[in-house]
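The values are calculated or read from the model by the stated rules, or taken from the named source; none is laboratory data. These numbers were taken from a predicted model, which means no experiment stands behind them. Note that we place each Cβ from the backbone using ideal geometry, even for glycine, and neighbour counts take in every protein chain shown. In case anyone asks, the SASA skips ligands and DNA or RNA and just uses the protein heavy atoms, side chains included. Shrake-Rupley method; radii C 1.70, N 1.55, O 1.52, S 1.80 Å.
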Amino acid sequence: MLRCIPVYLSILTLFVSSVLSGRRHLPTELKSNYMTDAVEIVYEYGNVFNGFVVDLDETALNFLQTSPDVETISEDGIMHVTAAVEQTDAPWGLARLSSNTQQWSKNQDASQLSFKYAYDDSAGAGVDIYIVDTGVRTNHTEFGTRARWGKTFGECYSDEDDNGHGTHVAGTAAGATYGVAKSASIIAVKVLDHDGSGAISDIIAGLDWVLGQQTTTGRPSVVNMSLGGSSSPSLDDAAKRLIEKGVHVVVAAGNSNTDVKDTSPAHVEEVITVGASTINDERAWFSNYGSVVDIFAPGQNITSAWFKSSDDTLNISGTSMASPHVTGLVAYLMALQGNIEPAAMRTKLQELGRKDVLSDIPSGTTNILAHNNT
């Protein structure tokens, strides 16, 4: 079965969480007991949880539903990048990250700004940032030799960023000019296609690979996911598993101007969920909010690397742009002060952040703006 994305997924493309014991290996049993064209094992997961993704017919589904070795079965779905709005050149976000107060007057044109970003020269050195996204243009001048291609998940995807979103995100997290952690390593994990959409199963496969890599290297690591969609227990569990293993996970809150409580993986309590702020210290009009949003960061009119050439840049907006500010900040703090447990890092970010400086923050939402404490 050819599984090119975007697709309209049938109810028979499923996540199966199972025991996968030595006694019974369900993927093998399915393939041996049913016609080859009726069952296709898409992925087997072994790090974030024991389970697999399978395309199958109703007969095979009935077998799984009655198997004592099956814990849960859930439908695959689609996740998307948070929408981006093209703007003009305005690198104000880094300046706000290291400034106690605004360095500009209200309603000043963001495209006219050029301010100082103060930071320790450790700048994220020795930390791996996994960009789980549309890929990264690894030969962009913003990255020097610090970016590499990790792996691609999606049967018809090419090993390149053919959208730009992932390159922009990476540039904000760790670019030489536009990035927070200017010495961190960048690893591209492509799980979204040229339109910025991808199957949940591919995203989980990417996270599974990340955890395997981090377990092998032992390096301090942070994952940026500037993506989201409807609630997915399987994706939520995968994110939680990374955190349990000490990998920091930072997620964009989303751009629907609504409570994030029904959005995966942003509503996972253990991840660091990031809303977007503006140059005027307002919540960006599009930014999601709610009790699970942990912190805000600049997300409107953000200039960063773009994918069309090795020195291309673009100014766009979204919580996708806010999230990598915090991802870079996590890497920056790990290099500067040492790695700590993800829950402690979330607390540290909130302690360092500037309190009650943002306007238009709904009741019940944290009013904290990210800051690097310089």
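Per-residue answers, yes or no, for (1) at positive phi; (2) surrounded by 22 or more Cβ atoms within 10 Å (Cβ to Cβ):
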site	(1), (2)
Asp161	no, yes
Gly166	no, yes
Val189	no, yes
Leu192	no, yes
Gly196	yes, yes
Ser201	no, yes
Arg219	no, no
Asn224	no, yes
Ser232	no, yes
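Within segment 333-358, can you find the residues that are open to solvent by 30 Å² or more (accessible area, probe 1.4 Å), in contact with a Pro (Cβ under 6 Å, 6 or more places away or on another chain) and hydrophobic (A, V, I, L, M, F, W, C)?
none
Any residue in segment 182-193 that is small (Gly, Ala, Ser) sitting within a Cβ distance under 6 Å of a residue that is assigned to a loop (DSSP other than H, G, I, E, B) and open to solvent by 10 Å² or more (accessible area, probe 1.4 Å)? List the pairs, counting only those 6 or more apart or interchain.
Close Cβ pairs (under 6 Å, with a partner that is assigned to a loop (DSSP other than H, G, I, E, B) and open to solvent by 10 Å² or more (accessible area, probe 1.4 Å)) amount to Ser183/Ala125; Ser185/Arg146.
Does at least one position in segment 170-185 carry a residue that is open to solvent by 10 Å² or more (accessible area, probe 1.4 Å), assigned by the TED database to the domain that holds Lys116 and at pLDDT 95 or above?
Within segment 170-185, one or more residues are open to solvent by 10 Å² or more (accessible area, probe 1.4 Å), assigned by the TED database to the domain that holds Lys116 and at pLDDT 95 or above.
Which condition from (1) without any contact (Cβ under 8 Å) to a residue 60 or more places away in the chain; (2) in contact with a Ser or Thr (Cβ under 8 Å, 6 or more places away or on another chain) is the one that Gly171 breaks?
Evaluating Gly171 over (1) without any contact (Cβ under 8 Å) to a residue 60 or more places away in the chain; (2) in contact with a Ser or Thr (Cβ under 8 Å, 6 or more places away or on another chain) leaves (1) as the failure.
Could you look through segment 234-245, keep only residues that are open to solvent by 10 Å² or more (accessible area, probe 1.4 Å) and of a type outside the set (D, E, K, R), and pick out the one that is modelled with the highest pLDDT?
Applying the filter and picking the extreme gives Ile243.
Filter segment 25-59 down to residues that are open to solvent by 40 Å² or more (accessible area, probe 1.4 Å) and among the charged types (D, E, K, R) and give me whichever is modelled with the highest pLDDT.
The qualifying residue modelled with the highest pLDDT is Glu44.
Could you tell me whether segment 267-288 includes any residue that is part of a helix (DSSP H, G or I) and either touching a helix residue (DSSP H, G or I) at 6+ places or on another chain (Cβ under 9 Å) or open to solvent by less than 10 Å² (accessible area, probe 1.4 Å) (or both)?
No, every residue in segment 267-288 fails to be part of a helix (DSSP H, G or I) and either touching a helix residue (DSSP H, G or I) at 6+ places or on another chain (Cβ under 9 Å) or open to solvent by less than 10 Å² (accessible area, probe 1.4 Å) (or both).
Inside segment 119-156, can you point out the residues that are of a type in the set (A, V, I, L, M) and either closer than 22 Å to Ser320 by Cα or in a strand (DSSP E or B) (or both)?
Residues satisfying the conditions are Ala123, Val127, Ile129, Ile131, Val132, Val136, Ala147.
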